[in-house]
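Undergrad: Below is a structure I'd like to ask you about.
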Amino acid sequence: MSLYEHVFLARQDLAQTQVDGLAATATSIIEEKAGKVVKTEIWGLRNLAYRIQKNRKAYYIMLEIDAPADAIQELERQMALNEDVIRYMTVRVDAHEQGPSAMMRRGDRDRSNRSDRRRDRDAA
C-alpha cells in the first residue's frame, strides 16, 4: 500500500459537526477499500487566496492515508460528487510527517507569540 496526503476544502457555511462528518465520511470510504487513515487534522476556517464558487473562506481538512490506489480513486470520485467540497488534492508521499503538520505548528507558534506580546505589554 502507498502513503498519501489528502487535503480538501469544505464550504464556509457548514457547521463544525458537518465538517467533522465530511472527515468521517472520507475515513469510512478509505476503510471500506482496505485502507487506513493514519491521522486527521482539521485546520479550521481559513481565508482563500481567491474566491472559489463565491466562497472567500473554507474549512481545511488534511488526511494522512495508507491505502491502495483504488481507495484513493474512490475517495476522489466521492469528493467530486459532494457539493460541500470546494477543492481537493491528493499527493503521494514517501513517508508521513511525525508530529503535527506545518499548518498546526504555525498555529501553535502564532498563539505563543501572542501570549509573549501580552506578557511583555503587561510587564511594561
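Undergrad: By the scheme Lys and Arg +1, Asp and Glu -1, what is the net charge of all other residues having a beta-carbon under 13 Å from that of M89?
TA: Summing Lys/Arg as +1 and Asp/Glu as -1 gives 0.
Undergrad: Further question on the same structure: DSSP loop GluC sites (Glu not before Pro) in region 58-96 with at most 12 other Cβ atoms within 10 Å of their Cβ, which ones?
TA: Filter output for region 58-96: E83.
Undergrad: Moving on. Can you tell me, using C-alpha contacts under 8 Å and at least 6 residues apart, the relative contact order of the chain as a whole percent?
TA: Value for the chain: 37 percent.
Undergrad: Can you compute the helix-only [θ] at 222 nm over the chain? Use -39500 (n - 2.57) per DSSP H run of at least 4 residues, normalise by all residues, nearest 500 deg cm²/dmol.
TA: -14000 deg cm²/dmol
Undergrad: Take the Cα pairs of the chain, get the Kirkwood Rh, then feed it into Stokes-Einstein at 4 °C and 1.567 mPa s and tell me D in µm²/s.
TA: So the translational diffusion coefficient is about 82 µm²/s.
Undergrad: On a 0 to 90° scale, report how tilted helix 16-32 is relative to the longest principal axis of the chain, with both axes built from alpha carbons and the result rounded to the nearest 10.
TA: Tilt relative to the chain: about 40 degrees.
Undergrad: In whole Å, largest first, what are the principal axis extents of the Cα atoms in region 30-86?
TA: So the three principal-axis extents are 36, 22, 14 Å.
Each reported figure results from applying straightforward, stated rules to the coordinates on display, with no laboratory input. Values in this document were obtained by computation on a predicted structure and should not be read as measured data. Note that we place each Cβ from the backbone using ideal geometry, even for glycine, and neighbour counts take in every protein chain shown.
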